[in-house]
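A quick write-up on the structure given underneath.
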Amino acid sequence: MKSSIATWMHQRPKIRLLALLAAPGLWLVVAYLGALGALLITAFFTIDTFTGDIIANFNLGNFQDMLTDPAYRNVMLRTLGIAISVTFICGVIALPMAFFMAKVTTARSRKFLVALVLTPLWASYLVKIYAWRSMLEPGTGVIDWLLRPIGIHSPGFGGPAIIIGLSYLWLPYMILPIYAGLERLPNSLLDASGDLGARNFYTFRRIVLPLIFPSLVAGSMFTFSLSLGDYITAQIIGGKLQMLGSVVYQNFSINLPFAATIATIPVTIMALYLWLVRRTGALASL
Amino acid sequence: MTLSTRARYVLASLMGVGLAFIYIPLSVVVINSFNSSRTFSWPPTGLSLKWWEKAVQNTGVRQALGWSIAAGFSATAIALLLGTCLAFAVSRYNFFGREIISLLVVLPISLPGVVTGIALSNAFTKQLGISTSLLTVIIGHATFCIVVVYNNALARLRRMGTSLQEASMDLGANGFTTFRLITLPNLASALFAGGLLAFGLSFDEIVVTTFTAGPGIQTLPIWIYDNLFRPNQAPVVNVVAATLVLFSIIPIYLSQRLSQDSTSGGRF
């Protein structure tokens, strides 16, 4: 019986393919994309201010509110600024670390260092932000204790804290693609550049950087997009500062259509970013 | 590469600074859990184990851990099934829309969690009229866990090729037997790595969970979040946080021993 089913299936590759695709297709296309589509449509609806019910009258009012109210424009620019800063900081910290791991250290310690960089990815997101609460706490925090002797004070909770916290969270996501890119880069290229008289920094700028650019872009997609939609970090160490995610979160229970409208901003920015990345051709070489 | 000694020292110290940046906050969490005082102040005035005892006895923590494990295992099981199916379809067949699949699969994890969260919550409660529960949490988690299983399985299937399967079938084994005796054993370690990563993602997830969890369902991250700003609970939160930091070594150890597919376990 069982073998006859096997034979029957074997002779029908279309059926086999259909069986493989049915469940994940239903799940991802119907359930997930369906939910996203429904949310997008909700963005064009309004809410009855008395009953709180959603009224399905297709209009652009929410988008108009979002684009004309300077408060939302500020939140959008601030979020964008934070995401760009985080990406930049992660890049600056990650580059020398990845370079050291891939090109300077011995094979033995390389494996160990990769594990050291990977471990915090498994430590809880919340715990890491909570850690920065203890670090940044004005007056009694670790930063004030550690750096007060050299005259540095904790920035306290607010924009800089959010940037530090998010950079901390996403740093491994930047180090790993750059490390992988550098590992693929043949040493002979660096030697050749050196033999031809280029100094270290010149080799780095003219040989290494252009060749690992796709890896940098790959890393930036994580740091940028993950920062763009975050709101938990802002809630824990951001003081009163709000990000786009915070606005979505707050509107979710009181005005879902407007929450959906705001949610289109990070999605649109990400889509634009991906499109830009595609244009540079960096994705193709990943 | 021939680097000057000075350049080597500079890079080595930047590596050190980077590692300090990564590990100082984590160490603070661990040390803080032994802080004998109820309120936070650095450096700790005294060390004690009493909060660890309190945390072990805390029913809220235990219950949350239970929910997290239940959600994690269920979501991982679903992700393993769906992700493997997709990986087989993409690696072994040619069909219309094949190129879209890798994009579709990565979408739930690349879109901001708050977008996925409100979309699912809206679909469950408003469109379908289902009230949120543990099941809705599992559905939400499974959706973004599929990608890690898919990536791991796909990489392995591509590397494996089809010659072993063909050999098995030439020798008279049918499709099921070949799958059981040849394909699955070859795929197992990739599935384990993917499953481990899926469980890790689910165990740590907070945003989608916030929007899809039914009343009374408190996964561990939600428990931490709910108690983060309660001064009374701070010592217990510290212990839970420290435990999570210390336990993060286990999956790294496992994946280092097991997966040679990629250093990141297929996240990229």
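The values are calculated or read from the model by the stated rules, or taken from the named source; none is laboratory data. Everything quoted here is computed from the prediction, not taken from an experiment. Cβ atoms come from the backbone with ideal geometry, glycine included; neighbour counts cover every protein chain shown. Just the protein is used for accessible areas: all its heavy atoms, side chains included, with ligands, DNA and RNA removed. Shrake-Rupley method; radii C 1.70, N 1.55, O 1.52, S 1.80 Å.
Condition first: open to solvent by 10 Å² or more (accessible area, probe 1.4 Å) and in contact (Cβ under 8 Å) with a residue 24 or more places away in the chain. Can you find one or more residues in the range A:186-203 that meet it?
So far as the range A:186-203 goes, yes, one or more of its residues are open to solvent by 10 Å² or more (accessible area, probe 1.4 Å) and in contact (Cβ under 8 Å) with a residue 24 or more places away in the chain.
Identify, please: which residue in the range A:35-51 is facing chain B (nearest Cβ under 7 Å) and without any contact (Cβ under 8 Å) to a residue 12 or more places away in the chain and is, among those, least open to solvent (accessible area, probe 1.4 Å)? So the residue we want is A:ALA35. Are any of the residues in the range B:211-229 out of contact with any Asp or Glu (no Cβ under 7 Å at 6 or more places or on another chain), open to solvent by 50 Å² or more (accessible area, probe 1.4 Å) and among the hydrophobic types (A, V, I, L, M, F, W, C)? Yes, the range B:211-229 has at least one match. Among the criteria (1) open to solvent by less than 40 Å² (accessible area, probe 1.4 Å); (2) within 30 Å of A:ILE262 (Cβ to Cβ); (3) hydrophobic (A, V, I, L, M, F, W, C); (4) touching a Ser or Thr at 6+ places or on another chain (Cβ under 8 Å), the one A:ALA131 does not fulfil is (4). Scanning the range A:204-231 for residues that are over 24 Å from B:GLY113 (Cβ atoms) and either open to solvent by less than 70 Å² (accessible area, probe 1.4 Å) or touching a helix residue (DSSP H, G or I) at 6+ places or on another chain (Cβ under 7 Å) (or both) gives A:PHE204, A:ILE207, A:VAL208, A:LEU209, A:ILE212, A:PRO214, A:SER215, A:LEU216. Taking the listed residues A:ILE254, A:ILE207, the one that is at pLDDT below 90, under 23 Å from A:LEU189 (Cβ atoms), assigned by TED's automatic domain parsing to the domain that holds A:VAL104 and β-branched (Val, Ile, Thr) is A:ILE207, with no other qualifying. Step by step: first the residues of the range B:84-101, then only those that are more than 7 Å from chain A (Cβ to nearest Cβ) and without any contact (Cβ under 8 Å) to a residue 40 or more places away in the chain, then the one that is nearest to B:ALA193 (Cα to Cα). Which residue is that? That would be B:ILE101.
The set of residues from the range A:66-108 being more than 27 Å from A:ILE175 (Cα to Cα) and either outside any helix (DSSP H, G or I) or open to solvent by 80 Å² or more (accessible area, probe 1.4 Å) (or both) comprises A:LEU67, A:THR68, A:ASP69, A:ARG73, A:ASN74. Residues in the range B:35-60 that are at pLDDT below 80 and crowded, with 17+ Cβ neighbours inside 10 Å were compared, and the one that is farthest from B:LEU220 (Cα to Cα) is B:TRP42. Kindly provide the set of residues from the range A:107-124 that are facing another protein chain (nearest Cβ under 7 Å) and either free of Cβ contacts under 8 Å to residues at least 12 places away in the same chain or touching a Cys at 6+ places or on another chain (Cβ under 7 Å) (or both), ordered by number. Matches in the range A:107-124: A:ALA115, A:LEU116, A:THR119, A:TRP122, A:ALA123, A:SER124.
Within the range B:226-244, work out how many residues are out of contact with any helix residue (DSSP H, G or I) (no Cβ under 7 Å at 6 or more places or on another chain) and either facing chain A (nearest Cβ under 9 Å) or of a type in the set (Ser, Thr, Tyr) (or both). Number of matching residues: 2.
For every residue, the table says whether it meets (1) out of contact with any helix residue (DSSP H, G or I) (no Cβ under 9 Å at 6 or more places or on another chain); (2) within 30 Å of A:LEU256 (Cα to Cα); (3) in contact (Cβ under 8 Å) with a residue 24 or more places away in the chain.
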| site | (1), (2), (3) |
| --- | --- |
| B:LEU164 | no, no, no |
| B:ASP170 | yes, no, no |
| B:ALA193 | no, no, yes |
| B:LEU196 | no, no, yes |
| B:GLY214 | no, yes, yes |
| B:PRO251 | no, no, yes |
| B:LEU254 | no, no, yes |
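Looking across the range A:71-106, just one residue is without any contact (Cβ under 8 Å) to a residue 40 or more places away in the chain, among the β-branched types (Val, Ile, Thr) and under 16 Å from A:ALA218 (Cα atoms), and that is A:VAL92. Is the range B:62-82 home to any residue that is open to solvent by less than 30 Å² (accessible area, probe 1.4 Å), at pLDDT 90 or above and within 7 Å of chain A (Cβ to nearest Cβ)? So far as the range B:62-82 goes, yes, one or more of its residues are open to solvent by less than 30 Å² (accessible area, probe 1.4 Å), at pLDDT 90 or above and within 7 Å of chain A (Cβ to nearest Cβ).
Within the range A:9-30, is there a residue that is of a type in the set (Phe, Trp, Tyr) and either under 23 Å from the mean Cα position of the chain (by Cα) or more than 10 Å from chain B (Cβ to nearest Cβ) (or both)? Looking for residues that are of a type in the set (Phe, Trp, Tyr) and either under 23 Å from the mean Cα position of the chain (by Cα) or more than 10 Å from chain B (Cβ to nearest Cβ) (or both), one finds none in the range A:9-30, hence no. When you look at B:ALA7, is it among the small types (Gly, Ala, Ser) and at the interface with chain A (Cβ under 7 Å from one of its Cβ atoms), yes or no? For B:ALA7, the condition - among the small types (Gly, Ala, Ser) and at the interface with chain A (Cβ under 7 Å from one of its Cβ atoms) - is met. Considering every residue within the range B:111-132, establish whether at least one is open to solvent by 40 Å² or more (accessible area, probe 1.4 Å), in contact (Cβ under 8 Å) with a residue 60 or more places away in the chain and under 21 Å from the mean Cα position of the chain (by Cα). Looking through the range B:111-132, none of the residues is open to solvent by 40 Å² or more (accessible area, probe 1.4 Å), in contact (Cβ under 8 Å) with a residue 60 or more places away in the chain and under 21 Å from the mean Cα position of the chain (by Cα).
Within the range B:110-146, the set of residues being more than 10 Å from chain A (Cβ to nearest Cβ) and closer than 22 Å to B:ILE69 by Cα comprises B:SER131, B:THR132, B:SER133, B:LEU134, B:LEU135, B:THR136, B:VAL137, B:ILE138, B:HIS141, B:CYS145.
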